[in-house]
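Visitor: I am attaching a structure below and will ask some questions about it afterwards.
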Amino acid sequence: MDFNDFYCFRLGAISRKMTRYYNNKLAPYGITIVQSWVLLFLSAQDGSSLKDIAGAIQLDSPVVTGLVDRLEKEGLVVREEDPEDRRSLKISLTPRGREVVEEVVPAVVEYNQRIRSIIPENDAHAFERALEALEREL
């Protein structure tokens with residue numbers, strides 16, 4: 001049996017390779033690719049709730065809670081009480097968190113451009129449609 005005949009296997013293998021690549025690039029900053037998605041989201045939506053972050057990066061809230069715990073220990077984010085709802089917490093970047101975001105954005109953008117360069121321009125729309133169809137299906 002050739003596992004490469006299964007698209008789900010190939011997509012998973014590619015995803016793991018991309019994760020390893022990004023994690024190696026981000027290791028000097030003490031963060032993982034998934035943690036970087038939290039930081040990048042907060043750079044645009046600072047003061048968001050765990051629920052908002054989880055929805056944006058498509059992870060369960062308990063997973064995001066663990067990510068935020070680790071980012072808080074690294075001094076990259078802070079939890080603050082929501083003045084409008086004391087039961088809710090808002091997550092914000094620290095000044096150090098903002099610095100890390102500024103430093104990692106070029107690596108993320110560069111790799112995204114690298115991926116885009118692999119896809120022939122006339123196939124890019126078909127690739128996007130295929131990704132969207134896969135997302136809808138799952």
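Visitor: Condition first: more than 12 Å from LYS25 (Cα to Cα) and part of a helix (DSSP H, G or I). Now tell me which residues in the stretch 110-119 satisfy that.
Guide: ASN112, GLN113, ARG114, ILE115, ARG116, SER117, ILE118
Visitor: Moving on. Take GLN113 and tell me if it is surrounded by 12 or more Cβ atoms within 10 Å (Cβ to Cβ) and of a type in the set (S, T, N, Q). Give the derivation first.
Guide: Values: surrounded by 12 or more Cβ atoms within 10 Å (Cβ to Cβ): no; of a type in the set (S, T, N, Q): yes.
It is false that GLN113 is surrounded by 12 or more Cβ atoms within 10 Å (Cβ to Cβ) and of a type in the set (S, T, N, Q).
Visitor: In the list VAL101, VAL38, which residue meets the criterion of being within 26 Å of LEU131 (Cα to Cα), at pLDDT 95 or above, among the β-branched types (Val, Ile, Thr) and surrounded by 11 or more Cβ atoms within 10 Å (Cβ to Cβ)?
Guide: The unique qualifying residue is VAL38.
Visitor: Moving on to the next point. Please go through the stretch 45-91 and give me each residue that is at positive phi and either part of a helix (DSSP H, G or I) or open to solvent by less than 40 Å² (accessible area, probe 1.4 Å) (or both), ordered by number.
Guide: GLY47, GLY75
Visitor: Which residues, counting only those in the stretch 1-34, are touching a residue at least 40 places away in the same chain (Cβ under 8 Å) and buried (at least 16 other Cβ atoms within 10 Å of the Cβ)?
Guide: TYR22, LYS25, LEU26, TYR29, ILE31
Visitor: Cβ-Cβ under 8 Å, sequence separation 6+ or interchain: first residue in the stretch 37-51 and polar (S, T, N, Q), partner not in a helix (DSSP H, G or I). Which pairs?
Guide: Listed by first residue and then by second, the contacts come to SER43/LEU93; SER48/LYS90; SER48/ILE91; SER49/ASP82; SER49/SER88; SER49/LEU89; SER49/LYS90; SER49/ILE91.
Visitor: Moving to a separate point now. Any idea how many residues of the stretch 92-114 are touching a residue at least 40 places away in the same chain (Cβ under 8 Å) and under 18 Å from ILE33 (Cβ atoms)?
Guide: 10
The values are calculated or read from the model by the stated rules, or taken from the named source; none is laboratory data. Small disclaimer: the values here were computed from a predicted structure and weren't measured. Virtual Cβ from ideal backbone geometry, glycine too; neighbours counted across all protein chains shown. Keep in mind that these areas ignore ligands, DNA and RNA; they rest on the heavy atoms of the full protein, side chains included. Shrake-Rupley method; radii C 1.70, N 1.55, O 1.52, S 1.80 Å.
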